[in-house]
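Colleague: First, the structure itself, so that you have it in front of you.
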Amino acid sequence: YRGTNRRESAKNGRFVLLSVVSHSFLFFTDNPSMTRSHLHKAMAKTRQQKDASIVELKSVVTDAKSIVFANYQGLSVSAFEALRTKCREQQVAVFATKKTILNRVLADAGLSVDVKSFDGSVAAFFGLVDEVAPAQIVASFAKTNDAVRLFGGMLEGSFIDGAKVKQLSEMPSK
């Protein structure tokens, strides 16, 4: 299928061929009514969706009492969803976004931290009610999951390293 210039999707109830310029992608599906437009909507975010995500991230950054940055690369989807569930229970917002976007949003909020210097994929955990909650959740999760590594965080407008986040996690919460 590579190199085809057909703009229409080929489907037979088992697969859908999506041609993008000179590359073709073959997606297997059980849904015979799925077309190329369905796949395009599932694959790419629109500019409006991206802008809405950035606005939401900016509001969370300004409302956060503390922020913890951690590496989640190598974590399974189910494990990351379990981490998100724990965070939701403690009113901790979780964003796994591109470093460039996170860097820009933090700079716009007046926080000086270079997330591009962190290795791997970065997830940001925002404590909306309790300053200690994100550190406690991520540190306890990191004990059972080797893939999670603490990079550091933000507390009272200044950067703290991973060791201080670990110390913060040992404090009692509100």
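The values are calculated or read from the model by the stated rules, or taken from the named source; none is laboratory data. From a predicted model like this one, the values you see are computed outputs, not experimental measurements. Note: areas computed on protein heavy atoms with side chains; ligands, DNA, RNA excluded. Shrake-Rupley method; radii C 1.70, N 1.55, O 1.52, S 1.80 Å.
Colleague: Order the following by accessible area, largest value first: 143, 45. Probe radius 1.4 Å; ligands, DNA and RNA are ignored.
Modeller: Ranked from most to least accessible, the order is 143, 45.
Colleague: Additional query: Report, ordered by chain and residue number, the aspartates and glutamates lying within cross-link reach of residue 65, taken as a straight Cα distance under 12 Å and ignoring same-chain residues fewer than 8 apart.
Modeller: Those aspartates and glutamates meeting the cut-off are 130, 131, 156.
Colleague: Given the pairs 86/164; 58/166; 45/86; 58/98; 50/116; 86/116, which span a C-alpha to C-alpha distance of over 24 angstrom in this model?
Modeller: Over 24 Å apart, Cα to Cα: 58/166; 45/86; 86/116.
Colleague: Check which residues have an amide H placed less than 5 Å from residue 97's amide H, if you skip close sequence neighbours.
Modeller: Placed amide hydrogens put 124 under 5 Å from residue 97.
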